[in-house]
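The values are calculated or read from the model by the stated rules, or taken from the named source; none is laboratory data. From a predicted model like this one, the values you see are computed outputs, not experimental measurements. Positions of Cβ are generated from backbone atoms using ideal geometry, with glycine treated the same way; all protein chains shown enter the neighbour counts. These accessible areas exclude ligands, DNA and RNA; they are computed on the full protein's heavy atoms, side chains included. Shrake-Rupley method; radii C 1.70, N 1.55, O 1.52, S 1.80 Å.
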Amino acid sequence: MDEKELIKISQSSEFLQDLSKVDRWDLLPHLFRVKGKPYSLKGREQFSVLFDNEFVREKIVLSGRQEGKSMSLSRSAAFDLLSIQNFQILYVAPLQEQTRRFSDLYLNEAFKSCPLIQQLQKSEMTGVLSDAKIMNATFHKTLANGSGIQLGYAQTSADRLRGVMCDSLLVDETQSVCADAIPIVQESLTSSEFGTTTYTGTAMVVENLIEAKWQKSSMCEWVMKCEGCGVHNIPNLEGNVLKMIQADGMHCYHCGKKLNVRNGKWVPAYPNRMKSFRG
């Protein structure tokens, strides 16, 4: 599919296109914008797991700060709402303020930058594609195709999230979410044919919820081959990451040559988990 065809799809007024036939990566720059520029995974390859075409029951993205996690998560959620009719998402963060910030800053931008979503939120579309009411509140947004997202918070308990039914659960800033709340919130997925859970966040310490979830995943890490000695560098403690970090960037722990950090690939520590819990 060439660029003209992709642009035609992204700007079309037809709402029942079968987007599943198009690779999600190809469509992203034509569906969403960030600060006026097309949204792309170039430079954000670590978030590709959020846009997999392949169905995976659980996913986790363990990342550092200010890497674009919230921006990518909001685009992934918006894409699912757009492309799957009557699809319901539940977003959960630890604090109300974190949830409000995600909705107002990131999800709103994703909605407003996508021409198809803008069409699906027009009042005249009410009752055209589904009987669902169109909403655009901070904690609840819906589209004319019957899909919607509810947003809540659960630092200490999941009481305020009981009774919500969803197809996809997004747990953000997982490291600070109440661990006991996760099984309760996941009950929202029991009647769904999808029933997927995505965890995102930053570990900070080795004894918290997100680290425990990461250890159960495929644990993909970015492996970089040294262009000097040919040794594969894995940036973790076992791979001598502290020796790799130098003042001017990342260096090979074996020979000391500076690494081309873009020249790498994701390698799972547990390949057998890639189809069940991708990390």
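Within region 195-208, is even one residue farther than 21 Å from S70 by Cα, within 21 Å of the chain's Cα centre (by Cα) and surrounded by 15 or more Cβ atoms within 10 Å (Cβ to Cβ)? Scanning region 195-208 turns up at least one residue that is farther than 21 Å from S70 by Cα, within 21 Å of the chain's Cα centre (by Cα) and surrounded by 15 or more Cβ atoms within 10 Å (Cβ to Cβ). For L116, indicate whether it is surrounded by 16 or more Cβ atoms within 10 Å (Cβ to Cβ), in contact with a Lys or Arg (Cβ under 8 Å, 6 or more places away or on another chain) and assigned to a helix (DSSP H, G or I). Spelling it out, it is not the case that L116 is surrounded by 16 or more Cβ atoms within 10 Å (Cβ to Cβ), in contact with a Lys or Arg (Cβ under 8 Å, 6 or more places away or on another chain) and assigned to a helix (DSSP H, G or I). Just one of the numbered conditions (1) modelled with pLDDT under 90; (2) open to solvent by 20 Å² or more (accessible area, probe 1.4 Å) is not true of R100: (1).
Within region 224-279, restricting attention to residues that are part of a helix (DSSP H, G or I) and of a type in the set (D, E, K, R), the residue that is most open to solvent (accessible area, probe 1.4 Å) is E238. When S218 is tested against (1) out of contact with any Phe, Trp or Tyr (no Cβ under 6 Å at 6 or more places or on another chain); (2) buried (at least 20 other Cβ atoms within 10 Å of the Cβ), only condition (1) is not met. Within region 119-129, being open to solvent by 60 Å² or more (accessible area, probe 1.4 Å), within 12 Å of T142 (Cα to Cα) and not polar (S, T, N, Q) holds for one residue alone: K122. Residues that are of a type in the set (S, T, Y), under 18 Å from G152 (Cβ atoms) and either open to solvent by 30 Å² or more (accessible area, probe 1.4 Å) or not in a helix (DSSP H, G or I) (or both) within region 45-97 comprise just one, Y91. Return only the number of the condition from (1) open to solvent by less than 40 Å² (accessible area, probe 1.4 Å); (2) over 19 Å from F102 (Cβ atoms) that D159 does not satisfy. If we test D159 against (1) open to solvent by less than 40 Å² (accessible area, probe 1.4 Å); (2) over 19 Å from F102 (Cβ atoms), just (1) comes out false.
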